Structure formats: C-alpha cells, structure tokens
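Note sheet for the following structure.
The values are calculated or read from the model by the stated rules, or taken from the named source; none is laboratory data. Predicted, not measured: the structure shown is a model, and the values here were computed from it. Cβ atoms come from the backbone with ideal geometry, glycine included; neighbour counts cover every protein chain shown. Quick note on the areas: whole protein, heavy atoms, side chains included, nothing else; ligands and nucleic acids left out. Shrake-Rupley method; radii C 1.70, N 1.55, O 1.52, S 1.80 Å.
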Amino acid sequence: SSGADSKPLVAGMCSAMPCSFCSTDYSHMCRVHRASSFRHVICVITLLFTTACEAQQQQRQQQQQSVLFIGNSYTFVNDLPTTYKMIMDSRLPGYALTLDSSTGPGRTLGQAAQDAECQRKVKAGRYDFLVLQDQSCLPGIPDSFFPQKAQSTWALQNFFGPHARRAGAVVVLVETWGRRDGAPVCGDNPVLKEMFPTFAAMQSKLTSGYTGYKAALERAGANVRVVRSGEAHATLRLQAPSLFARLYAADGSHPSAVGQYLTACGLFAALNGAQRSQWKDPASSWKPPGITAEEADIIAHAAVPANKIPTVDSMAGDWVSKYELKQPTTWRVRESRVFVVANGQEHLQGNLVGSVRRSLSLQPGGSSITQLVGDTAWWSDGDVWTRVEGNQPAHYV
C-alpha cells in the first residue's frame, strides 16, 4: 500500500525480518530499532539478575546466626553449643550457624571479664547473641556475702552489657539449676549449707539471682533474655521425677546429655522465638540417645513455660514466697483478698486491684505482679511466689 501509514508498517516488518521491501531510507531506522531493543533486553536481564542476587544475599543474611558462649563447666560438659546446633539444624533448618565460646572450669562471670581471650572475643562484637552463664552457686548468693558475686554483677553492668549493646547483640542469660541434693554437693561451706539445704532452696535463690543479673544488664542498656533452665529443672521435678533424675551427671551437679538438652531447648526458644511458626516438632527432631519422642516433647515444653495474664481468677489459691532464707511466707488469694497464713490462721493483707494496663496490684502497698509464668508470679517489689498444691510448693517439694 502507499501513503503516510505504510512506511512505519514496512519499517516494523523490516526490524523483525529484513527483505526486499526495505528501502535505503528505512534500513538505518531498522538497525537503530534493533540495537535499541537489544539494549532494552540486556537492561531487563541485568535488572532481574541483580534483583535475584540481592534477594539471595538478603536471604543469606536473614539465615545467618552467630552466638558467643561465655561460661564454665556447666557450659562445656556435654557441650551446650553443639547440643544447641543439633537442635537448631533439625528444628529450624537452613541457618548458617557460627558458634564460639570462652569457658573455664568453675569460672565466674567476674573472672571471665578479666580473661584476655574472653575480653578479645566480647570486644570484637562478632555475634548476634552473647550467651552468659555464671558459676553454678554464685547467682543465688547475696552480693554482700562473697566478693565474687559483686564482681559478677559489676562485670554484667560494666563490661558484658555495654559491649553487647555497642555490637547490637542480644544478651542471653542461661540460669543455672539447683544441684540435685542441694548443699551436700556444694562442698563443706557453712554459708552454702545454710542457704542451699535442698534443691528447692537452692533453685529459688538462683532464679532470684538471675532476675537481679537481668536488671544489672538492663541498667547498662542491654537487650536481655533469660533462659530459665533452673525453673525447667524444677518443673520436671514436679511433673516427671524420673526425667528429673536423668538431668544430672553422676555428681548430682553437672548436666548429663539429657540435662544439656533441656537447657539447649530453652536456648533454642529464646534465640528463635520470632520464627516459632517454622519450628519443627521436638518429638520428630534430633534428641540425645536414649530420649524417646514423648520424653523429648515433655522436656521441650518444660523448657518454655507458658506466659499467663495475671487476673484475680488465675491468682486464686495458696502460694509461698520462694526466696526467703528461712520458713517461707504462705499467701492465700481468695476472690480479690490476699491473706498471710500462719499457724493455720488467715491474716488479711489487702486486696488485688486491677488497672487499665491489665496488671494487678496489692492495695494498700502498691506492689504489682509483673509477670505470671507457669506456676511462678513475679512482683515489682522483688518478691516471687510459687503456687502451693496439697500444702507443698508446686515446684519446690
């Protein structure tokens, strides 16, 4: 055809398939069109390739995790880092883990902060999580009793906390556990015998001590999580006594492979809570030899007690103060009233009053419940209650 519309049509045809219809006038336009199209295709391919590489790099960054362990024989006996890796690889596969440690037998956190190797690794800041575990008994002892306890508290607030904050890392405290028989395996120390006569007494004070450690780190501006391994020991002591007995090595103090598995399950939950929907079931995942699928499920659930909302109904019943050296105070909550029970007699202390923030406080007095986890209630004044069942503390019989 002829006319103004025929040339673009012919040019379009020629750009795809040159032929005798192409005139000299349009051949240059055809070459330019082909070159332009080629450059456009190259740009699109480059953009797609770059986007894919960036996505893969972002995915790799999201799937990398670096953990530095600072501890002692409770950390390296039956190898907490490797146990954590085995759980991680089977329950949340696809992560590239970088694990490092600085440990020493019987070492306190105060001593670790003075150790040259530990200082170098902590100051380097090449970790996402800084996992800390103090000497087994020390956190349960008041700062004024032993200078080593004050040194650990100082190290948390002035060394570990500040360096973790600068690195943008999370500090993870791994709570130690009461020794199976209390003071008899702590040596012939009269102070420890007074404070830790049983597993029950020892664990209550260790839990309180790690709560104090958390506060020291938070004063340094650190982001802190606590693995309540000692509380998990206490839960199994109540719910599965045969499993509790298997948590210990022959000395009644150090962790067996089963005990380290319990601690590693709590660590796994603390470090990977944001990916909870992706967790694989513990029963069908890696577990130490000799642990059945049912036992793995029990251990994993004991390691991560459920958070509850404090209400008058959830607080109803009898409780004991866990962290008193001598005979613990027994409390009773009935409806909204709170009593101290002594010699079988109830003595009214006040009422539980709710607030707009969904917390409960004891009035008069003003102390409020900061959290309710499993059978343990934490109060803002530092008191901690555990529920009583059948005239015995639920965790500390």
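Descriptive notes on the structure:
- Expressed as a whole percent, the accessible surface of the stretch 263-302 that belongs to carbon and sulfur atoms is 50, based on a 1.4 Å probe.
- For the stretch 220-332: accessible area per residue (Å², 1.4 Å): 43 Å²
- Accessible area ranking (1.4 Å probe, heavy atoms, ligands and nucleic acids excluded), largest first, for S101, S242, S361, S277: S277, S242, S101, S361.
- Net charge contributed by nearby residues that have their C-beta within less than 10 Å of T108 (K/R +1, D/E -1): +1
- Listed residues S368, S321 arranged by accessible area, highest first, probe 1.4 Å: S368, S321
- Mean separation of Cα contacts under 8 Å, 6 or more apart, over the residue count of the stretch 177-323: relative contact order %: 22 percent
- Computed accessible area, V170, all protein chains, 1.4 angstrom probe, square angstrom: 20 Å²
- Antiparallel DSSP beta bridges within the stretch 126-273, as percent of all bridges there, nearest 5: 10 percent
- Separation of the alpha carbons by more than 30 angstrom is noted, of K205/K308; K149/K287; K85/K121; K121/K280; K149/K308, for K149/K287; K121/K280; K149/K308.
- Ligands, DNA and RNA left out, the accessible area of the stretch 103-242 computed with a 1.4 Å probe is 49% carbon and sulfur.
- For the stretch 100-168, chymotrypsin sites (Phe, Trp or Tyr not before Pro) meeting the loop criterion (DSSP other than H, G, I, E, B) and having at most 14 other Cβ atoms within 10 Å: F145.
- Rounded, prolate or oblate (a/c below 1.5 giving rounded, otherwise prolate when a/b exceeds b/c) for the stretch 175-287 by Cα gyration tensor: oblate
- Summed side-chain charge close to G161 - residues other than G161 whose Cβ falls under 12 Å, Lys, Arg +1, Asp, Glu -1: +3
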